[in-house]
1. For the range 434-456, which residues satisfy the criterion of being in contact with a Phe, Trp or Tyr (Cβ under 7 Å, 6 or more places away or on another chain) and assigned to a helix (DSSP H, G or I)?
2. So which residues in the range 376-404 are surrounded by fewer than 24 Cβ atoms within 10 Å (Cβ to Cβ) and either in a loop (DSSP other than H, G, I, E, B) or outside the structural domain of G357 (by TED's automatic domain parsing) (or both), if there are any at all?
3. Among S287, S279, S275, which is surrounded by fewer than 16 Cβ atoms within 10 Å (Cβ to Cβ), within 16 Å of K258 (Cα to Cα) and not assigned by TED's automatic domain parsing to the domain that holds V40?
4. Quick check on the range 69-105: of everything there that is touching a Gly at 6+ places or on another chain (Cβ under 7 Å) and among the aliphatic types (A, V, I, L, M), which residue is surrounded by the fewest Cβ atoms within 10 Å (Cβ to Cβ)?
5. Is it the case that L282 is among the hydrophobic types (A, V, I, L, M, F, W, C), outside any helix (DSSP H, G or I) and closer than 26 Å to V73 by Cα?
6. So, G420, is that one outside any helix (DSSP H, G or I) and buried (at least 22 other Cβ atoms within 10 Å of the Cβ) or not?
7. Could you tell me whether A373 is on the phi < 0 side of the Ramachandran plot and buried (at least 24 other Cβ atoms within 10 Å of the Cβ)?
8. Kindly indicate which of D306, D352 is among the acidic types (D, E) and within 26 Å of the chain's Cα centre (by Cα).
Amino acid sequence: MTFQGGRFKTALVSLVTAAAVAAMPVAATAADNEKARLPVVRDAEIESLVLDYARPVLKAAGLSRSGIEIVLVNDPAFNAFVAGRRIFINTGTILGSATPNQVIGVLAHEIGHLAGGHQSRLREQIERAKTISVVASLLGAGVMAAGAATGTRGLAQAGGGIMAGGGTIAMRNLFSYQRSEEATADRSALVYLEKIHQSPRGLLETFDTLARNDLFSTSRSSGYLSSHPAPRERIANLETTAKQSPYYDEADSLELLKRHDMARAKIAAYAGGASAVRSTFLKDPRSEAAAYGDAIATELNGAPADALAKIDALIKRDPKVPWFHEVRGEILMQSRRSEEAAAAFARAAALDTSKSGLLQASIGQALVTSGKAEEMPKAIQQIRRGLIADPDNSTAYRFLAMAYNQVGDVGNAELATAEGYWHAGALKQSQVFAARAQQKLKPGTPGWRQAQDILTFRRPKD
């Protein structure tokens, strides 16, 4: 599990901030800077799980072929939101959900925003709110100027009131609009869940948790100015319809529950170590998920030999779980046993039905750390294979650059570095390395043209 650009470290509002973020295509607009600033987590196991949660809901919403990306954010808050064609979901949402059904309910709500085109309409409402505010400000400024010219103090004060009042009206109109869109997304979620024979119970449970945690507290602001309905209000609006679903009492499969708990164990281990794992599985401390989290926490605590023994015990118990082999590869890589790590990653990739590009690239990355020149061609091949499946893996580009440097291909090393910065949303740095790459690559070659594409790119003004 890694940050975009580094190792994962210790570290609902889609239900809260759902439609409030602008669109952001990869490394191509200012919106990608937003993704670059977020502590993005890349983990093949959790990405595969969340995608499996989302895929049937996207199909039910008619969005299965829309190229929607799921992005994991390293944040302990229970939070998810949509932006452009991306669904962002915090690791805290997965850790804080007792069942897959609860996460699926959250995703169904987010997909309701996407299918409803709420973001584009929200931008229209924002522009309208700006217009109201600007007109009120100009009108108020005119009244104030007239008051100053005539020496009429009351008129000047009235002008100030018009300016403030116009901004308040604009904000209230915008928040009222957002509340209506949230209610629409809730209703859409119920429709999608019924289509895929999924219980809406998890969605209600999520709102109940939010209410109990008082995440929507209005103690510091007007309830009227809240941009979202309170959880209790949402439960009241949805409960009757939800309980009429023929699938209300449907439970998650044992296999899916196991995968969900494995993901929670991994997140708990990275976020808070062994104590967080014990706390998460307090009711079932001897479960496979608890043992998995303990093995990861042991490695993170600097005891690779013990961690390896623990993960090997899990592999012996269930040798076909790809993620056990992936963790084994990470432990071996941290222990500088590079070729063994590459073999473990290769085993993980062979077992992985999601065909994650992250795992493919990991095989090559492990070979790069061996430092053996004879392994570099294979490393380059494996990393490139992984990048074809997952071109946003900026970490893999850094290893690719190292591999090219090892074989003396400086031009392609510079280009790989440029591509890594590009996919991380750092356009300026990307163009610096693209210029350096062009100086070393033969004009007209695919690499030279790729560098040229980066150099000639200009961000849209919007």
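1. Correct list: Q438, I454.
2. Passing the criteria: D390, P391, D392.
3. S287
4. Looking at residues that are touching a Gly at 6+ places or on another chain (Cβ under 7 Å) and among the aliphatic types (A, V, I, L, M), I get A77.
5. Against the criterion (among the hydrophobic types (A, V, I, L, M, F, W, C), outside any helix (DSSP H, G or I) and closer than 26 Å to V73 by Cα), L282 qualifies.
6. Against the criterion (outside any helix (DSSP H, G or I) and buried (at least 22 other Cβ atoms within 10 Å of the Cβ)), G420 does not qualify.
7. no
8. D352
The values are calculated or read from the model by the stated rules, or taken from the named source; none is laboratory data. All values derive from a computational prediction rather than experimental measurement. All Cβ positions, glycine included, derive from the backbone under ideal geometry; neighbour counts span all protein chains shown.
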